[in-house]
1. Among residues belonging to region 130-161 that are assigned to a helix (DSSP H, G or I) and within 23 Å of Asp86 (Cβ to Cβ), point out the one that is least open to solvent (accessible area, probe 1.4 Å).
2. Let me spell it out: the conditions are (1) assigned to a loop (DSSP other than H, G, I, E, B); (2) under 28 Å from Asn249 (Cα atoms); (3) open to solvent by 10 Å² or more (accessible area, probe 1.4 Å); (4) not aromatic (Phe, Trp, Tyr), and Pro325 meets all of them except one. Which number is the exception?
3. Assess whether Tyr165 counts as being closer than 14 Å to Asp335 by Cβ, touching a residue at least 24 places away in the same chain (Cβ under 8 Å), surrounded by 13 or more Cβ atoms within 10 Å (Cβ to Cβ) and aromatic (Phe, Trp, Tyr).
4. When you scan region 16-28, do you find a residue that is at pLDDT below 90 and within 20 Å of Ala121 (Cα to Cα), even just one?
5. With the structure loaded, tell me whether Ile244 is surrounded by fewer than 20 Cβ atoms within 10 Å (Cβ to Cβ), in the same structural domain as Val274 (by the TED database), hydrophobic (A, V, I, L, M, F, W, C) and over 19 Å from Tyr300 (Cα atoms) or whether it fails that test.
6. When the residues of region 223-238 are filtered to those that are loosely packed, with under 13 Cβ neighbours inside 10 Å and of a type outside the set (Gly, Ala, Ser), which remaining residue is nearest to Asn163 (Cα to Cα)?
7. Looking at the structure I just gave you, is Ile244 of a type outside the set (Asp, Glu) and closer than 15 Å to Ile334 by Cβ?
8. Within region 214-228, is even one residue assigned to a loop (DSSP other than H, G, I, E, B) and β-branched (Val, Ile, Thr)?
Amino acid sequence: AWYVPCLASLETLQELCRKENLRCKSIGITNRSLKSYEVEYLCDYKVEEGKAYYLVKWKGWPESSNTWEPRKHLNCPLLFQNFLKDKNEYLSRVRDGKALKVRNHVKALKPAIADYIVKKAKQRIALQRWKEELNRKKNHKAMILVENTVDLEGPPLDFYYINEYKPAPGINVLNGITTGCECADCPAEKCCPKEAGFILAYNKRKKLKIQPGLPIYECNSYCRCGPDCPNRIVQKGTPYSLCIFRTNNGRGWGVKTLQKIKTNSFVMEYVGEVITSEEAERRGQLYDNQGNTYLFDLDYDSDEFTVDAARYGNVSHFVNHSCDPNLQVFNVFIDNLDLRLPRIALFSTRTIKAGEELTFDYQMKGSIDLTSDSAEGLSPSKKRIRTVCKCGAVCCRGYLN
């Protein structure tokens with residue numbers, strides 16, 4: 001037997017049941033619960049005969065069940081706070097703070113204001129559900145927050161969170177490694193990097209010590225060393241709490257750190273769907289018409305494969321470009337030693353303050369001098385249509401490509 005997971009929220013399913021007068025014990029719709037009411041958000045406001053009333057959207061009930069309730073019947077201080085915040089936000093934008101006066105001494109909000117308040121309430125709920133979904137799916141301890149104080153944009157409709165590469169049919173991202181190091185002290189002995197002909201990538205403080213262009217070989221699942229091994233960094237996932245936020249200069253979503261990040265620290269991995277370069281060429285032409293792309297060439301050793309993070313990805317999907325970035329890309333090999341399929345890790349190039357936006361150079365140049373011949377293998381797929389850069393850096397090149 002197979003099943004398709006339901007994408008509707010519990011409240012949405014409850015609304016449907018109540019609208020059709022159905023009972024469903026598994027989602028909490030019983031004869032008893034049909035008489036329970038909880039405020040989901042406030043929709044509108046009016047003053048009638050000296051009394052203040054609020055139009056209430058009840059949680060788990062369809063909008064047709066909305067009712068006007070006096071202030072004293074409602075015990076939801078946070079929702080009142082959100083209501084006033086959204087109203088003032090709208091008024092500050094249109095610079096019109098006057099209430100609409102109608103006959104019979106009734107005062108009410110202008111329809112445009114009430115409409116905005118409802119849209120903000122629905123957006124707040126949608127972003128909260130998205131945040132909960134992201135944190136359920138992530139495989140690291142750090143939290144993911146979501147924030148939009150700029151516009152009414154909600155969660156992306158066609159994006160699916162993944163923690164590791166999603167190979168397209170016919171592509172194997174694991175080459176069946178069956179051996180690991182026998183080290184008792186990985187930094188001091190002939191560990192995985194030395195076996196591959198390279199130096200250990202991290203120092204004793206678990207910070208990056210190699211130059212851009214050089215690969216990182218971490219200990220794998222067959223190594224004798226434990227989880228505290230200093231050569232296990234990228235595989236542990238993002239160690240910092242991050243926030244996906246809406247930018248205020250037309251760059252869409254972005255990512256900022258909620259914690260201070262020291263120089264040469266691992267921040268996140270770039271993941272997506274692994275496809276062939278031929279498929280990437282086809283998709284690239286479609287993405288050009290949209291003015292964006294999430295194609296990242298895995299050409300460390302060859303140009304056979306590409307990572308497409310347009311539909312499948314993690315937080316890195318939302319990281320914006322900058323001509324003066326604070327993140328740098330490195331190729332990483334752990335349980336897969338196939339040089340055609342490195343994992344892509346983003347490390348800090350300098351100290352990053354809490355609240356600062358995270359960026360990397362889509363051309364992988366920026367403020368870092370890539371002197372290695374293999375540095376060309378770090379560049380994302382080039383776009384065919386020149387896209388104007390909005391990074392705002394002093395050294396901005398004007399275009400993303």
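The values are calculated or read from the model by the stated rules, or taken from the named source; none is laboratory data. All values derive from a computational prediction rather than experimental measurement. Cβ sites come from the backbone with ideal geometry, for glycine too, and all protein chains shown count toward neighbours. Note: accessible area is taken over every heavy atom of the protein model, side chains too, but ligands, DNA and RNA are not part of it. Shrake-Rupley method; radii C 1.70, N 1.55, O 1.52, S 1.80 Å.
1. Within region 130-161, the match that is least open to solvent (accessible area, probe 1.4 Å) is Trp130.
2. (3)
3. yes
4. yes
5. no
6. Our first condition is that a residue be loosely packed, with under 13 Cβ neighbours inside 10 Å; within region 223-238, this holds for 224, 226-228.
Add one more test, that the residue is of a type outside the set (Gly, Ala, Ser), and what stays is 224, 227-228.
Details: Arg224: 25, Pro227: 19, Asp228: 21 Å.
Taking the candidates together, the pick is Pro227.
7. no
8. no
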